[in-house]
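Some notes on the structure that comes next.
The values are calculated or read from the model by the stated rules, or taken from the named source; none is laboratory data. Keep in mind the model is a prediction, meaning the values are calculated, not measured. For neighbour counting, all protein chains shown are included, and Cβ atoms are generated from backbone atoms with ideal geometry for every residue, glycine included.
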Amino acid sequence: MTKSGSAASPDIAFAESSLGQRLLKVLAEGSNSQRHIADYLLRHQMRVTAIGIEELAEACQVSTATISRFARDIGYRNYSAMRSAVAETLQAVLQPVDKLRSTIERGQGDGTPAAQSLAYAGANISSAAQAMDQKELDKVVAKLTKARAVYVMGFGLSAHLAGLLTLHLQPFCSQVVEVVSYGGTEVAAGHLASIGPRDVLLTVSFPRYALDVIRLSTFARDRKACVVALTDAPASPLAALSDHVLYAHSTHPILPSSASAAVAVIEALVATLMVSNKANVAKATRLTEAISAYLYGSDLSKP
């Protein structure tokens, strides 16, 4: 299973560390309380280095005894030793978004919500740029180009991103199906009923993750389709289900998640697809010519 990103991407670098791999294993196989703790450690590494066991227990809604037991289960003598391991791993893995959050919390809280939102958007896009692996992106483009059909799926707020992605892909793929569109789970399941090994499922999901996304992505994977996820972090439940993952950080100071980096990654993917071969360049040219007559200003020279 191939994932996009490299050691230059802080979130992914932490997940690929020895500690990160242990946490991902717990996230996939552990009990409910263990998964809560592992998820928190993978998403808030910097915060963990600064809080005590009581605060972590409260954040994960478990007891301090459960935190201590968790630390021992993944190979540390106590919580303090585990926290030290997180700090050591973070020395070369400082996250731009977390650095921004810390700056805001240290005294720049007088900024307006709009200014903070824009600052987080910039940091998220910067993180997405660090996580982008051009070779991996090229592999995804190759899969899209050869696919019999490309299915695009997103629920809730991610449905709008899926719609944008579908619109961009349609001129360059043999067949593009927006799985959810105006329907719900039943409609989505119907669209995916005939998915198979020659197809690609592009799944878009960010916190808060929809359970149906996980179930239907698992169905597509079991049918041997290529599953590509656009999601926020290695801790996302989609990461372990997918053949390829494109990461777009979604941290926001007020909203449940931000879509700014996701839109940037969608544009990067489509731009790569558009110039990937001469046929697609020709399609883009014809499309521009076809719609130019309907654009404002095209007939200003006419009487």
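Here's the yes/no breakdown for (1) aliphatic (A, V, I, L, M); (2) part of a helix (DSSP H, G or I); (3) modelled with pLDDT of 90 or more:
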{"site": "A13", "(1), (2), (3)": "yes, yes, no"}
{"site": "R35", "(1), (2), (3)": "no, yes, yes"}
{"site": "Y40", "(1), (2), (3)": "no, yes, yes"}
{"site": "E54", "(1), (2), (3)": "no, yes, yes"}
{"site": "V62", "(1), (2), (3)": "yes, no, yes"}
{"site": "R77", "(1), (2), (3)": "no, no, yes"}
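Here's the yes/no breakdown for (1) farther than 30 Å from A279 by Cβ; (2) outside the structural domain of H249 (by TED's automatic domain parsing); (3) crowded, with 21+ Cβ neighbours inside 10 Å; (4) touching a strand residue (DSSP E or B) at 6+ places or on another chain (Cβ under 8 Å):
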| site | (1), (2), (3), (4) |
| --- | --- |
| G122 | yes, yes, no, no |
| P171 | no, no, no, no |
| E186 | yes, no, no, no |
| L211 | yes, no, no, no |
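For residues that are among the polar types (S, T, N, Q) and over 24 Å from the mean Cα position of the chain (by Cα), scanning just segment 104-125, find the one that is modelled with the highest pLDDT.
That would be T112.
Return a yes/no flag: does segment 126-139 have any residue that is surrounded by fewer than 18 Cβ atoms within 10 Å (Cβ to Cβ), among the hydroxyl-bearing types (S, T, Y) and within 17 Å of the chain's Cα centre (by Cα).
yes
Just for segment 262-295: of the residues that are of a type in the set (S, T, N, Q) and surrounded by 12 or more Cβ atoms within 10 Å (Cβ to Cβ), which one is modelled with the highest pLDDT?
Applying the filter and picking the extreme gives T272.
Restricting to segment 212-248, what's the tally of residues that are in a helix (DSSP H, G or I) and either closer than 27 Å to Y40 by Cβ or touching a residue at least 12 places away in the same chain (Cβ under 8 Å) (or both)?
Result for segment 212-248: 13.
Exactly one condition in (1) modelled with pLDDT of 90 or more; (2) of a type in the set (V, I, T); (3) over 18 Å from Y151 (Cβ atoms) is not met by T251; state its number.
Failing condition for T251: (1).
Go through (1) at pLDDT 90 or above; (2) under 30 Å from Q21 (Cα atoms) one by one and return the number of the condition G190 breaks.
For G190, the exception is condition (2).
The conditions are (1) at pLDDT 90 or above; (2) over 30 Å from P197 (Cα atoms), and F219 fails exactly one of them. Which is it?
(2)
Look through segment 213-248, keep the residues that are more than 21 Å from H191 (Cβ to Cβ) and of a type in the set (G, A, S), and return whichever of them is surrounded by the fewest Cβ atoms within 10 Å (Cβ to Cβ).
A240
Let's see how each residue does on (1) at negative phi; (2) free of Cβ contacts under 8 Å to residues at least 12 places away in the same chain; (3) in a loop (DSSP other than H, G, I, E, B); (4) more than 19 Å from the chain's Cα centre (by Cα):
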{"position": "G163", "(1), (2), (3), (4)": "yes, no, no, no"}
{"position": "L167", "(1), (2), (3), (4)": "yes, yes, no, yes"}
{"position": "S174", "(1), (2), (3), (4)": "yes, no, yes, yes"}
{"position": "V177", "(1), (2), (3), (4)": "yes, no, no, yes"}
{"position": "S181", "(1), (2), (3), (4)": "no, no, yes, yes"}
{"position": "V187", "(1), (2), (3), (4)": "yes, yes, no, yes"}
{"position": "G190", "(1), (2), (3), (4)": "yes, yes, no, yes"}
{"position": "R198", "(1), (2), (3), (4)": "yes, no, yes, yes"}
{"position": "T203", "(1), (2), (3), (4)": "yes, no, no, no"}
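When you scan segment 216-259, how many residues do you find that are more than 12 Å from the chain's Cα centre (by Cα) and closer than 12 Å to S205 by Cβ?
Residues meeting the conditions: 4.
Of all residues in segment 191-206, which are in contact with a strand residue (DSSP E or B) (Cβ under 9 Å, 6 or more places away or on another chain) and not charged (D, E, K, R)?
H191, L192, I195, P197, V200, L201, L202, T203, V204, S205, F206
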